[in-house]
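Trainee: I have a structure here, written as structure tokens, and I will follow up with some questions on it.
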């Protein structure tokens, strides 16, 4: 099988770069639909007065087919030729899905480095009620990714930390897929380049993660923050897509079935999923402890209680495990068979190990 690596056509990152948005999108289209998070529209001042911006639309809050269809109708009504998503992972995934279904260009502008969604040719679609529904593969990666580090420095620290949690899984899932030559979402086996970027993302997180967190605590753009934005967004984005997912993200999808976990961000659930994956792998004890310690220092969940599950009930964990072990899930990229009962035990073990670590 061929090695395949995917990436956005262009990636631009820097402080106040959104001030250049009109000139950056001009080569892609002349009639833009801007989809923006309501919270972002209220907190961040972005100039949409240029004539290229034909319609500014607030996002409903969920990347579901109902919202994608609603926004798709606007594309047709306004003769839109480029869609711009401004906000978090769900508005970005919605913009990408609209681009795919309407066959128009797409620009993504993440206002927090909270996930690796911006660069990929993939949208994660949820039900209106918030449960994970499916991955939607797209024909192409974004035409343009614009990341304004000044805006990200002013975003809630929790969002950056969640992005670190998401990016943390990239290396460990890539390691499995690269070693065992699994098929990735890019349509081939992992390339050396993609695996190297995944590993670089991991090394960058460990080196700059805590300093970047402090930078956002203080609302400052620093070298550490710029590096973590790039790791969370670009390195992890290419790393996961072209190296593949494994148990950590499947476990995230399992936990998304529980109402108790709906308050958690994507990367927060993925971080705990990474710990569980390492337990499944019978990972080196020092490596597992180091990851738990790193997550704890950042404020990422390492126990079921921190995931919102105060009382451990096997029936609830079985719901998680059954969803994570569905036939289409990426947990089956692991080099051994994992049954729901195996996963339930691994979740319990991960919780016990984390709870005992001081």
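Every number here is computed from the coordinates shown, using simple stated rules; none is lab data. Treat the numbers as computed from the prediction; the structure is a model and nothing was measured. Every residue, glycine as well, gets a Cβ built from its backbone with ideal geometry; the counts of neighbours run over all protein chains shown.
Trainee: Applying the selection to the range 109-139, what residues are touching a strand residue (DSSP E or B) at 6+ places or on another chain (Cβ under 9 Å), under 22 Å from residue 194 (Cα atoms) and free of Cβ contacts under 8 Å to residues at least 60 places away in the same chain?
Mentor: Listed by number, the residues that qualify are 135, 136, 137, 138.
Trainee: Further question: For residues in the range 179-194 being in a helix (DSSP H, G or I) and surrounded by fewer than 22 Cβ atoms within 10 Å (Cβ to Cβ), which is nearest to the chain's Cα centre (by Cα)? Break it down into steps so the answer makes sense when it comes.
Mentor: Here is the first cut: in the range 179-194, the residues in a helix (DSSP H, G or I) are 179-180, 192-194.
Narrowing the set further to residues that are surrounded by fewer than 22 Cβ atoms within 10 Å (Cβ to Cβ) leaves 179-180, 192-193.
On the way: 179: 23, 180: 24, 192: 22, 193: 20 Å.
The extreme case among them is 193.
Trainee: Of all residues in the range 142-173, count the ones that are assigned to a loop (DSSP other than H, G, I, E, B) and either surrounded by fewer than 24 Cβ atoms within 10 Å (Cβ to Cβ) or touching a helix residue (DSSP H, G or I) at 6+ places or on another chain (Cβ under 6 Å) (or both).
Mentor: 3
Trainee: If you don't mind, there's one more thing I want to ask. Condition test on residue 93, is it within 14 Å of residue 237 (Cα to Cα) and in contact with a strand residue (DSSP E or B) (Cβ under 8 Å, 6 or more places away or on another chain)? It would help to see each step written out before you state the result.
Mentor: Details: within 14 Å of residue 237 (Cα to Cα): yes; in contact with a strand residue (DSSP E or B) (Cβ under 8 Å, 6 or more places away or on another chain): yes.
Spelling it out, residue 93 is indeed within 14 Å of residue 237 (Cα to Cα) and in contact with a strand residue (DSSP E or B) (Cβ under 8 Å, 6 or more places away or on another chain).
Trainee: I've got another one for you. Considering 216, 221, which residue is outside any helix (DSSP H, G or I) and within 19 Å of residue 155 (Cα to Cα)? It would help to see each step written out before you state the result.
Mentor: Working: 216 fails: outside any helix (DSSP H, G or I).
Answer to the check: 221.
Trainee: List the number of the failed condition for residue 96; all other conditions in (1) over 16 Å from residue 10 (Cα atoms); (2) within 15 Å of the chain's Cα centre (by Cα); (3) buried (at least 23 other Cβ atoms within 10 Å of the Cβ); (4) free of Cβ contacts under 8 Å to residues at least 60 places away in the same chain hold.
Mentor: (1)
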